[in-house]
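Only one structure is covered here, and it is reproduced in the block below.
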Amino acid sequence: MTGSPTVLHVVESFGGGVATALSQYCAATPGFRHHLLRTERVGDFIDSGETEHFESVSDLDTSPLSAIVAIRRSVRVLRPDVIHAHSSIAGLYVRLCVKASPAHPIVYTPHGYAMERQDVSPATRALFGLVEKMLARNTTVYAACSPREHEISRSIGRSKDVFYVPNVAPAVGADLAYPKGTGCANHFLVVATGRLTAARDPYYFAAVVRAVKLAAPDVTFKWIGGGEPRYVDELVELGVEVTGWLPRKEALQLLSEADLLIHTAAWDGFPMVLLEANRLRVPSYVRDIPAFATVPRCLVGRTEDQFARNVTTMANDPHQRKKALEQWDAFLSFNTTAEQSERLSAAYYASMEFPQRIPRPRSL
């Protein structure tokens, strides 16, 4: 092989945390040349520099047949050393139309497995799991973005190489620094972020808002992002400010002004916003779902009442917010650019069968 290896990233739904994650993947592996084939999420992606690290950016049609044709064309034209499929649908398209081989190794990052979804029946989740097991036969390497995803990938891939590639938040500007510790129950802002869909479970978030307002009526809530109108209407009716989609810098500015981030998703991979909030020194409290099984239990809530108690406690006690940040610091100490760079590079080289080019990282 001569020159830098080429990676073709294929993603069916480019926006939010996935866009941020891919941008960071490129920045963490400058020894590779990166190309992007993507479908933008309509209405919830505003390019704030997430595509600047790619040598080329091409559109992926929303029609499955047209998407498969586009993937084949890109592989034929670019002749990538690695094809990196992101999320379930792109993972399906790539592994249906390209045969994994030494010439076309396929790396797969689910960014949250479909069989973790809670908005479908158990039978449908089982079907998703069966499809993933079948597609594992045509997968060279898994690059899991969370400990939970790593665990599932090992059970599906079995004999395949499975690497844990931790998510990393890009650096934020010094102008986003915001003095923490000044919040109190009368001036306490709680935020949530993301796309308002079933995955984020806006109705659960609404239930949390109601429970908190019973205990601390002056606490205010803001949802940074947008989505389905029925969810927007539900939150606005409760007095939650819904910002709609914003450029990344503006969204981070609003996040930096918060006193607490809550994440109430019904399922997830490992959300970038937790890393971004921690960089901005905003403590987080998350829902008890499998993705957060290893998060310290004091930072996790199962019921709306648990969320309400935690929010109220943090609103009245700056020490508890400081303690939460320290616990997140310890938990996220592994999510560094150095670790991501080493592990993602190792995954790419392993897929190309050149493991001697880079040390194999220690396992979880």
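The values are calculated or read from the model by the stated rules, or taken from the named source; none is laboratory data. Keep in mind that this is a model prediction, so the values were computed, not measured. Backbone-built Cβ (ideal geometry, glycine too); neighbour counts: all protein chains shown. The protein model used for the area step is the full one, side chains on, heavy atoms only, and it has no ligands, DNA or RNA in it. Shrake-Rupley method; radii C 1.70, N 1.55, O 1.52, S 1.80 Å.
Taking the range 63-119 as the range and being under 21 Å from the mean Cα position of the chain (by Cα) and of a type in the set (Ser, Thr, Tyr) as the test, the residues that pass are Ser87, Ser88, Tyr93, Tyr108, Thr109, Tyr113. If you go through the range 207-237 and pick out every residue that is within 17 Å of Asn310 (Cβ to Cβ), open to solvent by less than 10 Å² (accessible area, probe 1.4 Å) and part of a helix (DSSP H, G or I), you end up with 3. Residues in the range 1-33 that are more than 24 Å from Ala251 (Cβ to Cβ), open to solvent by less than 30 Å² (accessible area, probe 1.4 Å) and not polar (S, T, N, Q): 5 in all. Exactly one residue among Ala265, Ala347, Ala338, Ala291 is aliphatic (A, V, I, L, M), in contact with a strand residue (DSSP E or B) (Cβ under 8 Å, 6 or more places away or on another chain) and within 30 Å of Pro30 (Cα to Cα), and that residue is Ala347.
Quick check: anything in the range 50-58 at pLDDT 90 or above and either under 28 Å from Arg117 (Cα atoms) or not in a strand (DSSP E or B) (or both)? Explain how you work it out, then say what you get.
In the first step, residues of the range 50-58 are kept if they are at pLDDT 90 or above; the result is 54-58.
Next cut, either under 28 Å from Arg117 (Cα atoms) or not in a strand (DSSP E or B) (or both) only: 54-55.
Yes; the residues of the range 50-58 include at least one that is at pLDDT 90 or above and either under 28 Å from Arg117 (Cα atoms) or not in a strand (DSSP E or B) (or both).
Among what's in the range 214-245 and is among the aliphatic types (A, V, I, L, M) and in contact with a strand residue (DSSP E or B) (Cβ under 9 Å, 6 or more places away or on another chain), pick the residue that is nearest to Val273 (Cα to Cα). Quick ask: steps written out before the conclusion?
Going residue by residue through the range 214-245, those that are among the aliphatic types (A, V, I, L, M) are 214-216, 219, 224, 232, 235-236, 238, 240, 242.
Next cut, in contact with a strand residue (DSSP E or B) (Cβ under 9 Å, 6 or more places away or on another chain) only: 219, 224, 232, 235-236, 238, 240, 242.
Details: Val219: 21, Ile224: 11, Val232: 20, Leu235: 20, Val236: 22, Leu238: 23, Val240: 19, Val242: 17 Å.
By that ranking, first place goes to Ile224.
Does Glu40 fit the bill of being open to solvent by 20 Å² or more (accessible area, probe 1.4 Å), in contact with a strand residue (DSSP E or B) (Cβ under 9 Å, 6 or more places away or on another chain), under 30 Å from Thr243 (Cα atoms) and of a type outside the set (Gly, Ala, Ser)? So Glu40 passes the test.
State yes or no: is Asp288 open to solvent by less than 60 Å² (accessible area, probe 1.4 Å) and without any contact (Cβ under 8 Å) to a residue 24 or more places away in the chain?
Numbers: open to solvent by less than 60 Å² (accessible area, probe 1.4 Å): yes; without any contact (Cβ under 8 Å) to a residue 24 or more places away in the chain: yes.
So Asp288 passes the test.
Considering the range 291-315, the residues that are of a type in the set (Lys, Arg) and under 24 Å from the mean Cα position of the chain (by Cα) include one that is surrounded by the most Cβ atoms within 10 Å (Cβ to Cβ), namely Arg302. Checking every residue in the range 248-257 against the condition of being within 30 Å of Tyr142 (Cα to Cα) and assigned to a loop (DSSP other than H, G, I, E, B) gives zero matches.
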